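The values are calculated or read from the model by the stated rules, or taken from the named source; none is laboratory data. Owing to the predicted nature of the structure, the values given are computational and were not obtained by experimental measurement. Neighbour counts are summed over all protein chains in view; Cβ atoms, including those assigned to glycine, are modelled from backbone coordinates with ideal geometry. The area values use the complete protein model at the heavy-atom level, side chains included, leaving out ligands, DNA and RNA. Shrake-Rupley method; radii C 1.70, N 1.55, O 1.52, S 1.80 Å.
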Amino acid sequence: MKQIYVGLTGNEAVATAFKQARPHVAPAFPITPQTEMMHKFADFVADGVVDTEMILVESEHSAMSAAIGAAATGARTFTATSSAGFALMWEVVYIAASLRLPICMPVVNRALSGNINIHNDHSDAMGGRDAGWIQLWCENTQEAYDHALMCWRIAEHKDVRLPVMINYDGFIISHTSESLHILPDEDAWKFVGPKDLKTGYSLLDVDHPITVGPLDLTDYYFEHKLSQIEALKRAPKYIAEVYKEFGELTGRHYSFYEEYRTDDADMIIVALGSTAGTAKDVIDAQREKGVKVGLLKIHMFRPFPAAELAKALSKAKVVGVMDKSASFGGWGGPLFNEIRSALYDLPARPKIHNWIYGLGGRDTDTKQIVSLIEQLQAIAKGREAETVNLLGVRL
Amino acid sequence: MAVVNLQTLSKNEDLLTGGHRACAGCTGSNILRQIMLTAGQDTVVGGATGCMEVVTTIFPYTAWKTPFIHSAFENCAATISGAETAFRALKKRGELPVPREKINFIAFGGDGGTYDIGLQSLSGAMERGHNMLYVCYDNEAYMNTGIQRSGATPFGAHTSTAPAGKVKQGKDRHRKDLTKIMVAHNIPYVAQTTPFHWKDLQMKVRKALDVDGPAFLNILMPCTVGWGFDPALGIELSKMATECNFWPLFEVENGEYKLTYKPKADRTPIEEWLKQQVRFKHLFKPGNEHLIVEIQRWVDDEQRKLLKLCGEA
Ligand SMILES: Cc1ncc(C[n+]2csc(CCOP(=O)(O)OP(=O)(O)O)c2C)c(N)n1
Ligand code: SF4
Ligand SMILES: [Mg+2]
């Protein structure tokens with residue numbers, strides 16, 4: 001298939017993908033750095049390129065609430081947010097998943113207040129990691145575009161029916177122009193396909209009325225939570241199928257995580273998002289010097305592919321997990337805790353250490369990653385080190 | 001002009017079944033049934049968390065014979081605004097699950113869910129011009145969580161968070177005027193009604209559903225538990241509230257105020273209404289006479305302002 005080579009920011013790329021998916025409804029509320037995504041999408045609507053009905057709500061809580069009302073009719077629905085906006089909609093984020101509504105939502109990752117800060121870290125999305133959404137994470141503009149196309153196929157799959165959150169780093173991805181390949185509109189539409197409106201559960205089917213979101217107490221609530229747990233367990237199979245089909249179509253092959261130069265690596269860094277790109281450059285330079293270091297970048301954080309990750313990391317001597325959010329009062333960041341727990345059942349576990357980094361958009365430069373690798377080398381050689389560390393902060 | 005006729009209404013299907021768990025004597029289910037008689041089957045209903053949502057659904061049961069959605073407490077207007085928008089989006093593309101030229105969208109919430117926590121969501125939905133009706137059923141407190149004070153609770157009423165005690169005499173503020181706040185949204189139809197005046201209520205529901213754009217109804221809803229009265233008296237109390245001008249019936253069509261029920265010139269003193277309810281009992285203790293005087297003053301003031309707006313002064 002012939003693709004189009006363009007230069008777009010992450011926000012523009014995601015808006016382009018969403019336009020190609022022809023959603024019915026899009027509630028929107030501004031917050032940096034997500035805003036340009038909605039601006040761009042609104043331009044498409046204003047120019048008649050797509051006939052989506054936008055709902056310009058008065059808050060993110062209402063954005064997600066309106067998305068729930070729209071998706072409950074069967075309409076293909078998205079909204080987008082960042083940081084405080086995500087925090088404000090938190091209550092309804094859970095409800096969207098509980099009602100099994102296939103809403104797609106970019107969370108353009110930004111630090112949570114306070115103090116107020118518009119730059120990137122992952123504290124917003126990590127606060128919603130147990131909300132029942134599928135969480136996919138992107139390293140660059142290309143990945144953000146690709147996931148913004150693939151998310152519909154995943155969310156709307158009849159055996160999944162869950163909302164999908166696409167995470168991409170504020171400013172670093174959202175506002176940076178990069179060259180990428182996009183699909184022609186017709187090919188993108190052929191891949192995404194129309195929303196299946198014959199699910200039997202439409203709020204607009206007045207001939208077959210349903211009640212959505214009833215009171216649900218001790219006698220059934222738990223079983224309904226079970227159905228969510230099961231749906232998330234089933235999801236990886238279909239995510240893998242969608243990744244495969246997309247790979248065959250575009251030549252861009254995704255999996256739950258990407259392994260970069262890990263084959264013979266003694267040390268593996270684990271990261272989410274754009275930091276992976278910086279880490280890859282550093283790893284290339286270190287490899288030149290014979291340092292056996294690799295990277296594991298996670299795309300699918302929810303559901304968490306614990307068994308696969310344990311296997312992938314089992315060959316390393318030391319694992320360094322990078323968390324771009326703090327779990328205050330906890331023992332290490334959220335990614336670290338998941339990975340460490342996943343490794344527990346291995347007969348021979350690598351050592352595993354955590355680095356909290358980049359909070360509030362503190363620049364994560366190559367020097368910081370070099371220093372992290374030096375610490376990993378020392379640990380590999382048997383030097384005692386703290387389990388949880390900070391990177392790039394003035395102590 | 002909306003014509004309401006008992007003969008036709010009595011033939012309409014009851015779209016809220018019996019067997020729901022409202023308290024004996026709750027006027028809420030009466031109000032919902034009346035609304036649904038006029039709205040009919042082609043209606044999507046949204047309910048905010050609160051008594052009426054809780055008593056009409058419990059998995060695996062529902063009292064609703066039309067589509068119904070509840071998502072949370074403060075967001076019913078936003079939720080229904082999403083459904084209403086989806087209706088237009090799907091219709092435009094010829095993708096409705098069942099073809100319909102029009103579907104009614106009704107969101108309802110209690111006074112807590114409307115005057116207070118849901119005010120922002122309601123205001124947004126009304127300002128955006130969705131083709132929907134929002135109904136506030138006003139029982140004057142947060143009943144579902146145990147009768148706490150809301151922005152709609154009347155002056156002097158005892159509630160569990162603003163109780164009458166040795167030094168305090170219940171709520172120390174008059175209620176806010178939500179109906180006027182909604183009028184200020186310049187939407188095509190706003191009205192106030194009660195379940196006793198069924199013809200008035202049905203006519204207002206009809207008008208509200210017929211206008212092109214948002215409409216708002218504020219309906220007083222006596223609550224036997226929260227107000228403390230004999231369960232047989234709920235409808236009677238809704239009548240008295242109007243007779244004593246505590247809850248005047250009026251409508252505002254495209255900004256024009258109109259009184260839809262003219263109380264007698266010698267209105268019933270507010271005391272008559274207050275004394276029927278346990279929540280006002282302390283007002284009748286010696287030394288509290290001034291509180292009743294204050295309520296009467298407020299009622300008279302409000303009525304004077306309303307009559308002026310209605311061109312009746
Ligand atoms: C965000 C949130 N805050 C608080 C509650 C608890 N809550 C549930 S119903 C309710 C009171 C509802 O009062 P009102 O809207 O007046 O309806 P009523 O129960 O009186 O019919 C409250 C406080 C909730 N469910 N959600
Ligand atoms: S507490 Fe009041 S409002 Fe709630 S169901 Fe009972 S009577 Fe009705
Ligand atoms: Mg109430």
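Brief remarks follow.
- Residue in region B:21-35 that is within 25 Å of residue A:23 (Cβ to Cβ) and among the small types (Gly, Ala, Ser) present: no
- One residue stands out among those in region B:75-99 that are at the interface with another protein chain (Cβ under 7 Å from one of its Cβ atoms) and open to solvent by 10 Å² or more (accessible area, probe 1.4 Å): the one that is nearest to ligand 3 (Cβ to nearest atom), which is B:87.
- Taken over region A:233-258, residues that are touching a Gly at 6+ places or on another chain (Cβ under 7 Å) and touching a residue at least 40 places away in the same chain (Cβ under 8 Å) amount to 1.
Matching residues to (1) open to solvent by 20 Å² or more (accessible area, probe 1.4 Å); (2) under 22 Å from residue B:150 (Cα atoms); (3) not hydroxyl-bearing (Ser, Thr, Tyr):
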residue	(1), (2), (3)
B:209	no, no, yes
B:213	no, no, yes
B:225	yes, yes, yes
B:228	no, yes, yes
B:234	no, yes, yes
B:237	no, yes, yes
B:247	no, yes, yes
B:253	yes, no, yes
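- Within region B:134-155, considering residues that are surrounded by fewer than 24 Cβ atoms within 10 Å (Cβ to Cβ) and within 14 Å of another protein chain (Cβ to nearest Cβ), the one farthest from ligand 3 (Cβ to nearest atom): B:145
- Residue match in region A:345-359 (condition: open to solvent by 60 Å² or more (accessible area, probe 1.4 Å), under 21 Å from residue A:126 (Cα atoms) and in contact with an Asp or Glu (Cβ under 8 Å, 6 or more places away or on another chain)): yes
- Scanning region A:103-117 for residues that are outside any strand (DSSP E or B) and either more than 13 Å from chain B (Cβ to nearest Cβ) or surrounded by fewer than 24 Cβ atoms within 10 Å (Cβ to Cβ) (or both) yields A:110, A:111, A:112, A:113, A:114, A:115, A:116, A:117.
- Meeting the requirement of 3 or more residues that are within 29 Å of residue A:198 (Cβ to Cβ) and either in contact (Cβ under 8 Å) with a residue 24 or more places away in the chain or in contact with a helix residue (DSSP H, G or I) (Cβ under 7 Å, 6 or more places away or on another chain) (or both), the helices (runs of 4 or more DSSP H) wholly within region A:7-102 are A:10-20, A:60-71, A:90-98.
- Checking each residue in region B:51-74 for being more than 7 Å from every other protein chain (Cβ to nearest Cβ) and open to solvent by less than 10 Å² (accessible area, probe 1.4 Å) picks out B:52, B:53, B:56, B:63.
- Helices (runs of 4 or more DSSP H) contained in region B:1-56 and holding at least 1 residues more than 16 Å from ligand 3 (Cβ to nearest atom) and of a type in the set (A, V, I, L, M): B:6-11, B:28-39
- Whichever residue in region B:102-133 is within 12 Å of chain A (Cβ to nearest Cβ), part of a helix (DSSP H, G or I) and not small (Gly, Ala, Ser) and, among such residues, is surrounded by the fewest Cβ atoms within 10 Å (Cβ to Cβ): B:127
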